[in-house]
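The values are calculated or read from the model by the stated rules, or taken from the named source; none is laboratory data. Quantities reported herein were computed from a predicted structural model and do not represent experimental measurements. Because the Cβ atoms are built from the backbone with ideal geometry, glycine has one as well, and the counts that use them run over all protein chains shown. SASA here: full protein model, heavy atoms, side chains in, ligands and nucleic acids out. Shrake-Rupley method; radii C 1.70, N 1.55, O 1.52, S 1.80 Å.
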Amino acid sequence: MSRYIIRGGEPLCGDITIKGAKNSVLTLLAASILADGRVVLHDCPHIADVDTMIRILQKLGCRIYRNGDDVIVDSDGISSDKIPSGLASELRSSIFLLGSLLSRLKKAKVAYPGGCDIGLRPIDIHLSGLRELGVKIVEKHGYIDCDSTKAHSADIMLDLPSVGATENLVMTCVFLDGTSVIRNCAKEPEIVDLQNFLNAMGAKVSGAGTGVITVEGVKRLHGVEYTPIPDRIVAGTYLIGAAMCGGELTLNNVNPEHLSSLIAKLPKSTCKITCARDKINIICKGRCESIPKVETTYYPGFPTDLQTQILTLQTVSKGTSVIVENIFETRFKTVPQLLKMGADVTVNGRTAVVRGVEKLTGAEVSATDLRGGASLVLAGMSALGETSIDNIYHIDRGYEDLSRILPAIGVKIKRTD
Ligand code: UD1
């Protein structure tokens, strides 16, 4: 089993170029089967979730391959409407294929989704939205069997602004006659990216980034070459790393606006942040003051996908911080690992109280989920001595090999098998 070994205590120094966002690339790959013709997605990260999505699309009959950072999709041969449960359980995004399969083949059979072990991940909003569009759904033997031969445009109100449900419903509506409206939809940048991608292929989607999306049905979509938005969560993870370790870091290929909620929280007394159009420079000196309160919420609020990383920064900040997780119920699973490294954190339901200590100390720890695993890397980077992290397959789902990327900014990290 692979693990990361990190010798902590080095300040960061150098540049990192951020790749396309995992959560965009996965959705755009699902959406690419809507095109008649070839889709080329640039700047796709080499991460396990993208590889799994490629394998799922291959199983469905697509010709799809990588060429460096490009992924090329030709879905002419798509034949199967069934996503095998083994692969689907590896990747929650397989549920996003529901919308695009229904648009493309009028039928879809998807196994109940898997993904990060961060709590219940219901799909009721996806399914009730599909039902409002006239999709017939039968749930049995662990599969969701859908038929959209009688689907029609509709005006849908989501119970919650779910990212996945919004994306799925947009994809389902793309070929429906008439105009569909999705209300109380998610406003995340990945939704805007999906809209831009679909429109570049000839769709008529508007309103993404606001709470109401309108989809005017079209007859067909054509192939396209497209570059997804940069990964704001990966970029945010590195910014938090700089706040913890000190030093100077420049991130290239980022959209600073997508990171405003994090930038607003990082303490100005120790972190000097300068943003250009697609760059962020951060210079950090000394131990950060604690952030009194961080509450996760929907975009543009503080993202749940950066919650464990900001909590980890609080473990070594001066003072006490309260972290409230409003999106996923069990997203404090990394705390026991941080305690092994000397952190002082108390969790009560969806709230964690973090009392900063001077330094963490290296320990043998285990990644329990994707973002939690990345947070342990940050903890190891700032800790005294050596940290060994196992179960790093969780981290591989969303971060390119960190033993290749982080040494370039001065981190002493290696990967062992
Ligand atoms: C996406 C992201 C994930 C991120 C999350 C929230 C991808 C591949 N993943 O996940 O990294 O953490 O957005 O920004 O893009 N909910 C329901 N019923 C549903 C769907 C969701 O109750 O049918 C609830 C969830 O339990 C959660 C909230 O809605 O409390 C938000 O979830 P959602 O936005 O759907 O997250 P994902 O799309 O799964």
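Where in segment 344-415 are there helices (runs of 4 or more DSSP H), lying fully within it, with 2 or more residues that are touching a strand residue (DSSP E or B) at 6+ places or on another chain (Cβ under 9 Å) and open to solvent by 10 Å² or more (accessible area, probe 1.4 Å)?
402-405
So, residue 257, is that one open to solvent by 20 Å² or more (accessible area, probe 1.4 Å) and assigned to a strand (DSSP E or B) or not?
no
Going through 270, 320, 308 one at a time, which residue ends up being in contact with a Ser or Thr (Cβ under 8 Å, 6 or more places away or on another chain), more than 24 Å from residue 45 (Cβ to Cβ) and among the hydroxyl-bearing types (Ser, Thr, Tyr)? So that I can check it myself, show each step before the final result.
Values: 270 fails: in contact with a Ser or Thr (Cβ under 8 Å, 6 or more places away or on another chain); 308 fails: more than 24 Å from residue 45 (Cβ to Cβ).
Criteria check complete, one pass: 320.
Any idea which of 331, 277, 287 is assigned to a loop (DSSP other than H, G, I, E, B) and modelled with pLDDT under 95?
When all the criteria are applied, what remains is 331.
Determine if segment 229-237 includes at least one residue that is open to solvent by 20 Å² or more (accessible area, probe 1.4 Å), in contact with a strand residue (DSSP E or B) (Cβ under 6 Å, 6 or more places away or on another chain) and touching a residue at least 24 places away in the same chain (Cβ under 8 Å).
Taking every residue of segment 229-237 in turn, none turns out to be open to solvent by 20 Å² or more (accessible area, probe 1.4 Å), in contact with a strand residue (DSSP E or B) (Cβ under 6 Å, 6 or more places away or on another chain) and touching a residue at least 24 places away in the same chain (Cβ under 8 Å).
Do any residues in segment 216-228 that are more than 14 Å from residue 73 (Cα to Cα) and assigned by TED's automatic domain parsing to the domain that holds residue 192 have Cβ atoms under 8 Å from those of residues that are open to solvent by 90 Å² or more (accessible area, probe 1.4 Å) and in a strand (DSSP E or B), where the two are at least six apart or on different chains, and which pairs are they?
Once the first residue is more than 14 Å from residue 73 (Cα to Cα) and assigned by TED's automatic domain parsing to the domain that holds residue 192 and sits in segment 216-228, its partners that are open to solvent by 90 Å² or more (accessible area, probe 1.4 Å) and in a strand (DSSP E or B) give 216/204; 217/204; 218/204.
Determine if segment 204-221 includes at least one residue that is polar (S, T, N, Q), open to solvent by 50 Å² or more (accessible area, probe 1.4 Å) and closer than 27 Å to residue 254 by Cβ.
Yes: segment 204-221 contains one or more residues that are polar (S, T, N, Q), open to solvent by 50 Å² or more (accessible area, probe 1.4 Å) and closer than 27 Å to residue 254 by Cβ.
Inside segment 141-161, can you point out the residues that are open to solvent by 30 Å² or more (accessible area, probe 1.4 Å), in a loop (DSSP other than H, G, I, E, B) and within 13 Å of residue 126 (Cα to Cα)?
159, 160
Answer yes or no as to whether residue 99 is of a type outside the set (Ser, Thr, Tyr), farther than 23 Å from residue 140 by Cβ and modelled with pLDDT of 85 or more.
Taking the combined requirement at face value, the residue does not satisfy it.
If you go through segment 172-183 one residue at a time, do you hit one that is within 16 Å of the ligand (Cβ to nearest atom), under 21 Å from the mean Cα position of the chain (by Cα), assigned to a strand (DSSP E or B) and of a type in the set (A, V, I, L, M, F, W, C)? It would help to see each step written out before you state the result.
First pass over segment 172-183, keeping only residues within 16 Å of the ligand (Cβ to nearest atom): 172, 182-183.
This time we only want the ones that are under 21 Å from the mean Cα position of the chain (by Cα), so: none.
No, that holds for no residue.
Does residue 196 satisfy the criteria of being open to solvent by 20 Å² or more (accessible area, probe 1.4 Å) and on the phi > 0 side of the Ramachandran plot?
Answer is no for this residue.
In this structure, is residue 249 assigned to a helix (DSSP H, G or I) and either open to solvent by less than 50 Å² (accessible area, probe 1.4 Å) or away from the ligand (no atom under 16 Å from the Cβ) (or both)?
Taking the combined requirement at face value, the residue does not satisfy it.
Would you please name the residue that is most open to solvent (accessible area, probe 1.4 Å), looking only at residues in segment 299-326 that are more than 14 Å from the ligand (Cβ to nearest atom), touching a strand residue (DSSP E or B) at 6+ places or on another chain (Cβ under 8 Å) and polar (S, T, N, Q)?
Applying the filter and picking the extreme gives 320.
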